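For reference, the structure is listed below as structure tokens.
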Amino acid sequence: MPAATYTDAIALLKADHDEIEALFERFDKARAGSRRKLAEQICTTLKIHTMIEEDIFYPALKGRIPEDDYAEMMVEHDSAKILLNDIEASSPEDDDYYAAKVKVMGEECEHHFKEEEEYVDGVFAMARKAGLDLVAMRDAMLVRKDELAAEARDGGLPPAELEAIHSG
């Protein structure tokens, strides 16, 4: 997608949110036979989205937004990644909770997206107030997004890595 499609990094991330929410809606309405393919699409799209946020957008915010807000974003990402990895490692045929996991991941994403997009107190509003170069960030995110999409097509992305939640 050309950079001009999105005015800045926030517009790009918001478009991702809309796409991911639409995929979850399609999953909810889908018949059992087509759910696995939709879940795979959700997981890939969500992985790419979280990676560009964590690689580019969030590091630019570190120290410019309240630490509690930053920590909450990272924990919410990891919470979704735990479900994402579990969904990718299973299938609707061998996991009685498959559809429920996708549904809960969708609810978590909806909550997270809403918090990021809050008009006054959301992370996107904080990023605008911080004076970040959101156009340059958009360009970097588009390059990274294209790289990750190619990697996904050429053999798949690795399992999502946790950053804030540690198991074991």
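In the stretch 28-46, is there at least one residue being out of contact with any Phe, Trp or Tyr (no Cβ under 7 Å at 6 or more places or on another chain), within 24 Å of Met74 (Cβ to Cβ) and of a type in the set (Ser, Thr, Tyr)?
yes
What are the residues in the stretch 118-138 that are of a type outside the set (Phe, Trp, Tyr), open to solvent by 60 Å² or more (accessible area, probe 1.4 Å) and either in contact with a His (Cβ under 8 Å, 6 or more places away or on another chain) or closer than 18 Å to Ala15 by Cβ (or both), if any? Glu118, Arg128, Val135 - these are the residues of the stretch 118-138 that are of a type outside the set (Phe, Trp, Tyr), open to solvent by 60 Å² or more (accessible area, probe 1.4 Å) and either in contact with a His (Cβ under 8 Å, 6 or more places away or on another chain) or closer than 18 Å to Ala15 by Cβ (or both). One residue alone among Asp69, Asp139, Asp146 is part of a helix (DSSP H, G or I), modelled with pLDDT of 95 or more, acidic (Asp, Glu) and over 30 Å from Arg35 (Cα atoms), and that residue is Asp139.
Looking only at the stretch 42-95, residues that are among the basic types (Lys, Arg) and without any contact (Cβ under 8 Å) to a residue 60 or more places away in the chain come to 1 in all. For the stretch 116-132, the candidate set comprises residues that are assigned to a helix (DSSP H, G or I), in contact (Cβ under 8 Å) with a residue 12 or more places away in the chain and not β-branched (Val, Ile, Thr); within that set, the residue that is nearest to Ala80 (Cα to Cα) is Glu116.
Looking at the stretch 19-51, which of its residues are among the acidic types (Asp, Glu) and either farther than 26 Å from Pro158 by Cβ or not in a helix (DSSP H, G or I) (or both)? Residues satisfying the conditions are Glu25, Asp28. None of Ala11, Ala39, Ala32 is touching a residue at least 40 places away in the same chain (Cβ under 8 Å) and exposed (fewer than 12 other Cβ atoms within 10 Å of the Cβ) except Ala32.
With the structure loaded, tell me whether Val104 is over 26 Å from Leu23 (Cα atoms), in a helix (DSSP H, G or I) and among the β-branched types (Val, Ile, Thr) or whether it fails that test. No, not satisfied.
The values are calculated or read from the model by the stated rules, or taken from the named source; none is laboratory data. Note that the structure is a prediction, hence the values are computed from the model and not measured. No Cβ is skipped: glycine too gets one built from the backbone with ideal geometry, and neighbour counts run over all protein chains shown. SASA here: full protein model, heavy atoms, side chains in, ligands and nucleic acids out. Shrake-Rupley method; radii C 1.70, N 1.55, O 1.52, S 1.80 Å.
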